[in-house]
Amino acid sequence: MIPEIAYPTYRVGGILAGAQVVEVAVEANNWPAENIDLAWINSPSNPTGRVHSDLELIAALDWSRKTGSVLASDECYLSFPDSKKGKSILELAAGNNKGILAIHSLSKRSNMAGYRGSFIAGDPELIAQLLEIRKHMGMMVPLPIQLATAEALKDENHVAEQGKRYVNRRKVIREAIEKIGFTVEFSEAGLYIWATRNEEDWQTVSWFADRGVLVTPGRFYGDKGAKHVRIALTATDEKIAEVAQRILSN
């Protein structure tokens, strides 16, 4: 089970596992109660930047405990709050991690995408199963990357500095696109802006492309995103300022 607007890797993972993939809204009170092996949640969300409330996360926890299904929480953007600050599912689980996995990555937190450094925390029994799979599939992380990952996790200063950059960049781009009629939805944390001007996403993509700006069509993340685009804030501050100027001058 995956969010109805979601990073496509969740769906691809289900396909590779030979599973049926079901899309659901955020509210866990309406999720199926049977025949779900694993449910993905993502807060802050890629692509929308939506931050789940405590009540929404607790409802997902309650659902997992009632159904016995695994709840996997993608928390790769948790380090970059803006108007809202997210919480780890483990914080709300309060020590009862049965059936719960929290997934973190240094790709976003520390700008180490090429290293593929990450970690999973949660239910010890599930972690043990994952370790067995990793061992037999040859998915060992090379020692230099393990050491680099450990060093990055020791330091929060660079994370805070990068978070401030994303906050400032979001402000610059948001102000620019709202001035010309775009509506920004969610975009409360993380490193993306989720925007629409109520037209087909490819039409919006083309409009940006005419100005030398690349954005991602929302339909890449599900049919519900077909009138939105995702704008990444990963360019330099100088490029972000240039993009804003291009938007406002054309």
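Any idea how far the Cα center of the range 195-246 sits from the one of the range 44-96, in Å?
Centre-to-centre (Cα) distance: 27 Å.
Neighbour counts of other C-beta atoms within 10 Å: give me Y7, Y192, Y166 arranged from fewest to most. Intermediate values should be presented prior to the final figure.
On the way: Y7 19, Y192 26, Y166 22.
Least to most surrounded, the residues fall as Y7, Y166, Y192.
Rg over Rh of the range 145-231, using C-alpha atoms and the Kirkwood radius, what does it come to? Write down the numbers at each step before the final one.
On the way: Rg = 16.0 Å, Rh = 14.5 Å.
Expressed as Rg/Rh, it is 1.10.
How do E23, E125 line up, fewest other C-beta atoms within 10 Å first?
On the way: E23 15, E125 11.
Lowest to highest Cβ neighbour count: E125, E23.
If we sort 198-207, 214-223 on the protection proxy, mean other Cβ atoms within 10 Å, highest first, what's the order?
Details: 198-207: 14.9, 214-223: 17.7.
In decreasing order of mean packing, 198-207, 214-223 become 214-223, 198-207.
What does the convex hull of the alpha-carbon atoms of the range 159-200 project to on average, in nm²? Don't skip to the end; give the middle numbers.
Numbers: hull surface 12.1 nm².
Approximately 3.0 nm², given one-decimal rounding.
Could you give the angle, 0 to 90 degrees to the nearest 10, between helix 143-154's Cα long axis and the longest principal axis of the Cα atoms of the chain?
70 degrees
Is the C-alpha gyration tensor of the range 1-60 telling us rounded, prolate or oblate? Criteria: a/c under 1.5 is rounded; beyond that, a/b larger than b/c is prolate, otherwise oblate.
Working: a/c = 2.53, a/b = 1.26, b/c = 2.00.
Because a/c hits 1.5 or more and a/b fails to exceed b/c, the range 1-60 counts as oblate.
What net charge is computed for the residues neighbouring R174, neighbours being all others with C-beta under 14 Å from the C-beta of R174, Lys and Arg scored +1, Asp and Glu -1?
Details: positive: R169, R170, K171, K179, R197, R230; negative: D82, E175, E178, E185, E188.
Local charge sum for R174: +1.
Can you bin the range 71-176 into rounded, prolate or oblate? Criterion: square roots of the alpha carbon gyration tensor eigenvalues sorted a ≥ b ≥ c, rounded for a/c under 1.5, prolate for a/b above b/c, oblate for the rest.
Details: a/c = 2.49, a/b = 1.47, b/c = 1.70.
Oblate, because a/c is 1.5 or more while a/b does not exceed b/c.
With axes computed from alpha carbons, what is the tilt in degrees of helix 54-67 against the longest principal axis of the chain, rounded to the nearest 10 within 0 to 90?
Around 30 degrees separate the two axes.
Classify the range 1-105 from the C-alpha gyration tensor, please: rounded if a/c falls under 1.5, else prolate or oblate depending on whether a/b exceeds b/c. Please list the in-between numbers first.
On the way: a/c = 1.61, a/b = 1.18, b/c = 1.36.
Cα axes put the range 1-105 in the oblate bin.
Neighbour counts of other C-beta atoms within 10 Å: give me M112, M137, M1 arranged from fewest to most.
Working: M112 17, M137 8, M1 24.
Starting with the residue having the fewest Cβ neighbours, the order is M137, M112, M1.
Put +1 on the Cβ of every Lys and Arg and -1 on every Asp and Glu Cβ in the range 158-249; which of V184, L248, V172 then has its Cα farthest towards the positive end of the dipole?
V172
State which entries of K87/K135; K108/K239; K98/K135 exceed 27 angstrom in Cα-Cα distance in the structure shown.
On the way: K87/K135 31 Å; K108/K239 19 Å; K98/K135 23 Å.
Beyond 27 Å between Cα atoms: K87/K135.
How big is the chain on each of its three principal axes, counting only the C-alpha atoms and giving the largest first in Å?
Result for the chain: principal-axis Cα extents of 57, 42, 32 Å.
Per DSSP H run of n ≥ 4, the term is -39500 (n - 2.57); total these for the chain, divide by its residue number, and report the mean residue ellipticity at 222 nm rounded to 500 deg cm²/dmol.
Numbers: 9 runs with 101 residues, N = 250.
Dividing the helical sum by the residues of the chain leaves -12500 deg cm²/dmol.
Go through L57, V22, I145 and say which Cα lies farthest out towards the positive end of the charge dipole of the range 2-154; charges sit on Cβ, +1 for Lys and Arg, -1 for Asp and Glu.
It is I145.
Return one number: the angle in degrees, 0 to 90 and rounded to the nearest 10, between the long axis of the Cα atoms of helix 124-136 and the longest principal axis of the Cα atoms of the chain.
Around 80 degrees separate the two axes.
Any read-out appearing in this document is the output of simple, stated calculations on the displayed coordinates, not a laboratory observation. What you see is a predicted model, and the numbers here were worked out from it, not measured in a lab. When we count neighbours, we look across all protein chains shown, and the Cβ atoms used for this are built from the backbone with ideal geometry, even at glycine.
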